[in-house]
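> Okay, here's the structure, questions in a sec.
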Amino acid sequence: MTPLLTVQALHKSFAVPVLKNFDFQLHAGEVHALVGGNGAGKSTFANILAGLLSADSGRITLDGKTHAPKHRRDAQANGITLMLQELHLLATLSIAENLFLHELPSRLGFVSKQCLREEARKALARVGLQFLDPDSEAGALGVGQQQLVVLAGALMQECKVIILDEPTAALTANETEVLFDHLRRWRAEGKGIIYISHRMEELREIADTVSVLRDGQRVMTKPMKESSTQELVNLMAGRELAVAAQSHPRPKGEVALRVTNLSTGSLVREVSFEVKRGEIFGLSGLVGAGRTETLRAIFGADARETGTIEIGAPLRIINIRQPANAVRAGIALVPEDRKQDGLLLPLGMRQNTLLASLKGWFASSQEASQAESLRNKLDVRCHSIEQPVETLSGGNQQKIVLARWLLRDAHILLLDEPTRGVDAAAKEAIYQLLRELADQGKALVVVSSEMQELMALCDRIAVMSAGRLVQTFNADEWTAEKLTEAAFSGHMK
Amino acid sequence: MSSFLRRSLDYVALALILLALVALFGSLSDRFLTAATFGSIANRIPTLAILATGMTLVLIIGGIDLSVGSVLALAGSLVGLLMVDYQWPLWSAVLATIAMGCAAGLINGAVTVGFKVPSFIVTLGMLEMARGGAYLLTDSKTKYLGTSVEGLARPLAGMLISPAFILALAVVLAGHVLLTRTVLGRKMIAVGTNESATRLAGIDPRPIKLLVFTMAGALAGLAAICHVARLGASDPNGGIGMELSAIAAAVIGGTSLSGGRGSAICTFLGVLIIATLEAGLAQVGATEPMKRLITGGVIVLAVIADGIRKRL
């Protein structure tokens, strides 16, 4: 049988290669699961098929014709539809208006309400939502129904391939079942379905075929029935990882930070751990496992539901209601999104570095010399300490955020993806700096989506999955397989 | 480029606009380049300069205060009431007036911070309420205070400038020192530039915002005294639209409406530009409608020019 969709030698890079010589086949009437760790290239592939990104090179053939969409509408015209992870409904418009936003039926510039309503009913019926009033506000719907409305909009054009990227992340069990019924019907109609998810139990239920992606390549394709979860996990992790081990075990002091029973809403559930002076403690897990939220809750950036934070020697409970309390207690946060949450972009290194150390009434006359000395120490490349940091590279920006906490002399550092978007040289410099800080007796908690990074840097690694801290590994215990398996464990039955 | 050099360039650019205006009006009217003209400009300035300094502070933290014109009228009405009806001495009436301004600003800040309502809306509400308060206090009538307060606005012996002008200069300088030399100023700029990052650096933005709105209110109270002194009367209709002149002066001076950028001295130069324009247009015989057309055009042109210069 000739495949419905054939992908050959697909390449895509964003500074680093994300898809390398990627090939893939999808048959009509098949639900094909794509699995892989963070950054394996699943979403990039989906976005290329749907015309949201364009490939650097490679060939895609759909139903015998070349598929090279320039934007989303090209892909839809060719018959490929993507249901995104995030919702794109305008909450204050009606369901019907959302469905037909791009081409509202109109007469003389006025929207023809009657026609709009009828067409919307037809579209909603296709996803089993015929009972909804097309005139009601889209924002009033539950997340699951909103997702189906998005799908209804996508299905208005004749489509051959439907791509779903983590469609069930926000759905309840019932809504998931409804979605699966639709998937089965479409499969029976001969459509091809690409299903991206890390929820193994769902894949077992719905997928016919599974492909494992790792580092931008497809490493295996098999019928779902013939693959064991263990096998998939091992393939996702990879075996030949070159891990630059710790040069020497770090001498550990007393406990510097103890987190007990921390919960925030549904994102972080009963997380407990402790970090010693001089220790680098890693938090691993899938995107959305609750690692960022854990750090933010410790730091007081988000509200805690339950949980106590103890610091210092001897340990004492501190009441952190907002970041100012945490900073006063000697805790620092290097946020995930440094542009949004870390930097004063139009200002220079001087003001950015000084931000956490402003004291007294009048600005210190040492500001410039302090910033200059940190600039030299961390080798920040800028024309002057007044050059707006928005004009600097990601690595230099991240060094400036770190410089802020060096100046403040924080003794507990919470680092969220400290090397994201940072070039190789700056990465190495940041690793070096973090090791030095630990050697000085500071306690570090590092969140990273790169397992190799954590294994190279950390003394212990805890794995979070679906909001819970599921397992903690010592340096002699962890392997990429074990970490990956633990990361998926919250999603297994 | 050092921040000092960059600031100096801002001053020079605005001073050039000001000089160009003076030269233009000087060539159009032979009475313009006289001591009398400059005396009258100096006499008009204090109220707006004080209001605009407060506005600059609020704009820098990413807020806006639309109520300053009405708060000025409310505070001015209080001076009239206390001095005419209750025979309070000047100094205590002045203190009460500033306290009134503080209270209005504190309410603006508390509602903005406490209920997370945009300051545009909160101060729009205060604009109406303070005006209503001014009418209530004065029974909608102008109260004449006479000589007791006029001394403030009258030029000092042998000089062109009045005590009110000196007061306004002091406020501008204090604003400049606050923004460039103090820790609070650093924090204000940080809050206006990126509130989220500032909070995550351990600085609570809430007390800073509260304080800045209160300062803007207090300065509106201070401006009210200059206003009353110049008129010799407290007028519940005073200061209508003055919040917009204050915003215009700040914006001409390069203050960003999205927060994080602004200078008290540049705003003062903006005030001088507006005052010179008004005085000059009056002298060359422009009608009131023409004055407004031209002033409006100059505001927009100044901001466009500022944007072009910053990109060079």
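The values are calculated or read from the model by the stated rules, or taken from the named source; none is laboratory data. Just so we're clear, the structure is a prediction, and the values are computed from it rather than from any experiment. In this analysis, Cβ positions are derived from the backbone assuming ideal geometry, glycine residues included, and neighbour counts consider all displayed protein chains.
> Would you mind telling me which numbered condition in (1) hydroxyl-bearing (Ser, Thr, Tyr); (2) surrounded by 21 or more Cβ atoms within 10 Å (Cβ to Cβ); (3) more than 30 Å from B:Ile61 (Cα to Cα) B:Thr276 fails?
(3)
> Within segment B:138-182, which residues are within 14 Å of chain A (Cβ to nearest Cβ), in a helix (DSSP H, G or I) and crowded, with 16+ Cβ neighbours inside 10 Å?
B:His176, B:Leu178, B:Leu179, B:Thr180
> Any residue that is at pLDDT below 95 and closer than 24 Å to A:Lys482 by Cα - is there at least one of those in segment A:433-443?
no
> Output yes when any residue across segment B:291-312 is at pLDDT below 90, outside any helix (DSSP H, G or I) and surrounded by fewer than 14 Cβ atoms within 10 Å (Cβ to Cβ), and no when none is.
Yes, that holds for at least one residue.
> Return yes when A:Glu310 is surrounded by 14 or more Cβ atoms within 10 Å (Cβ to Cβ) and of a type outside the set (Gly, Ala, Ser) and no when it is not.
yes
> Okay, moving on. Anything in segment B:193-236 that is hydrophobic (A, V, I, L, M, F, W, C), under 22 Å from B:Asp139 (Cα atoms) and in contact with an Asp or Glu (Cβ under 7 Å, 6 or more places away or on another chain)? List them, or say none.
The answer is B:Ala229, and nothing else.
> Here is a follow-up. Which residue is modelled with the lowest pLDDT, if the candidates are limited to segment A:241-280 and must be under 17 Å from A:Gly300 (Cβ atoms) and of a type in the set (Gly, Ala, Ser)?
If we take residues in segment A:241-280 being under 17 Å from A:Gly300 (Cβ atoms) and of a type in the set (Gly, Ala, Ser), then A:Gly265 is modelled with the lowest pLDDT.
> Quick one: A:Asp302 ticks every box in (1) at pLDDT below 95; (2) surrounded by 19 or more Cβ atoms within 10 Å (Cβ to Cβ) except a single one, so which number is it?
(2)
> Could I ask something else about it? The conditions are (1) touching a residue at least 40 places away in the same chain (Cβ under 8 Å); (2) in a loop (DSSP other than H, G, I, E, B); (3) more than 27 Å from A:Met492 (Cβ to Cβ), and A:Phe131 fails exactly one of them. Which is it?
Every listed condition holds for A:Phe131 apart from (1).
> Next up: Where residues in segment A:454-481 are in contact with a helix residue (DSSP H, G or I) (Cβ under 8 Å, 6 or more places away or on another chain) and without any contact (Cβ under 8 Å) to a residue 60 or more places away in the chain, which of them is surrounded by the most Cβ atoms within 10 Å (Cβ to Cβ)?
A:Trp478
> For residues in segment A:332-354 being of a type in the set (S, T, N, Q) and within 18 Å of B:Val183 (Cβ to Cβ), which is nearest to the other protein chains (Cβ to nearest Cβ)?
A:Gln351
> Based on what the data block shows, is A:Leu82 within 26 Å of A:Ser284 (Cα to Cα), outside any loop (DSSP other than H, G, I, E, B) and within 27 Å of the chain's Cα centre (by Cα)?
No; evaluated as a whole, the condition is false for this residue.
> Continuing with the same structure: Among the listed residues B:Ala197, B:Ala223, B:Ala216, which satisfies the condition of being in a helix (DSSP H, G or I), over 14 Å from the mean Cα position of the chain (by Cα) and modelled with pLDDT of 95 or more?
B:Ala197
> Only one of these conditions is not met by B:Lys116: (1) outside any helix (DSSP H, G or I); (2) modelled with pLDDT of 95 or more. Which number is it?
Status for B:Lys116: all satisfied but (2).
> Just give me the residues in segment A:416-432 being buried (at least 21 other Cβ atoms within 10 Å of the Cβ) and hydroxyl-bearing (Ser, Thr, Tyr), in sequence order.
If the condition is that a residue be buried (at least 21 other Cβ atoms within 10 Å of the Cβ) and hydroxyl-bearing (Ser, Thr, Tyr), then A:Thr419 is the only one that fits.
> Within segment B:22-32, does at least one residue satisfy the condition of being more than 30 Å from A:Glu386 (Cα to Cα), small (Gly, Ala, Ser) and buried (at least 24 other Cβ atoms within 10 Å of the Cβ)?
no
> Criterion first (within 23 Å of B:Ser148 (Cβ to Cβ) and touching a Pro at 6+ places or on another chain (Cβ under 7 Å)) does B:Ala99 satisfy it?
No, not satisfied.
> Of the numbered conditions (1) surrounded by fewer than 24 Cβ atoms within 10 Å (Cβ to Cβ); (2) in a helix (DSSP H, G or I); (3) touching a residue at least 24 places away in the same chain (Cβ under 8 Å), B:Ala49 fails exactly one; give the number of that condition.
(1)
> Which of the residues spanning segment A:165-207 are closer than 20 Å to A:Gly79 by Cβ and either assigned to a loop (DSSP other than H, G, I, E, B) or touching a Leu at 6+ places or on another chain (Cβ under 7 Å) (or both)?
A:Asp165, A:Pro167, A:Glu189, A:Gly190, A:Lys191, A:Gly192, A:Ile193, A:Ile194, A:Tyr195, A:Ile196
> Here's a check for you: in segment A:355-366, which residue that is farther than 13 Å from A:Ala403 by Cα and within 39 Å of the chain's Cα centre (by Cα) is nearest to the other protein chains (Cβ to nearest Cβ)?
For segment A:355-366, the residue satisfying everything is A:Leu358.
> Determine whether segment A:338-346 contains at least one residue that is over 29 Å from A:Arg277 (Cβ atoms) and part of a helix (DSSP H, G or I).
Yes.
> Right, next: Is segment A:169-183 home to any residue that is free of Cβ contacts under 8 Å to residues at least 40 places away in the same chain, buried (at least 20 other Cβ atoms within 10 Å of the Cβ) and under 27 Å from A:Leu62 (Cβ atoms)?
For segment A:169-183, residues free of Cβ contacts under 8 Å to residues at least 40 places away in the same chain, buried (at least 20 other Cβ atoms within 10 Å of the Cβ) and under 27 Å from A:Leu62 (Cβ atoms): present.
> Can you run down the residue pairs with Cβ atoms below 8 Å, 6 or more apart or on separate chains, where the first is in segment B:216-245 and surrounded by fewer than 23 Cβ atoms within 10 Å (Cβ to Cβ) and the partner is of a type in the set (Phe, Trp, Tyr)?
Hits for this filter: B:Gly232/B:Tyr144; B:Ala233/B:Tyr144.
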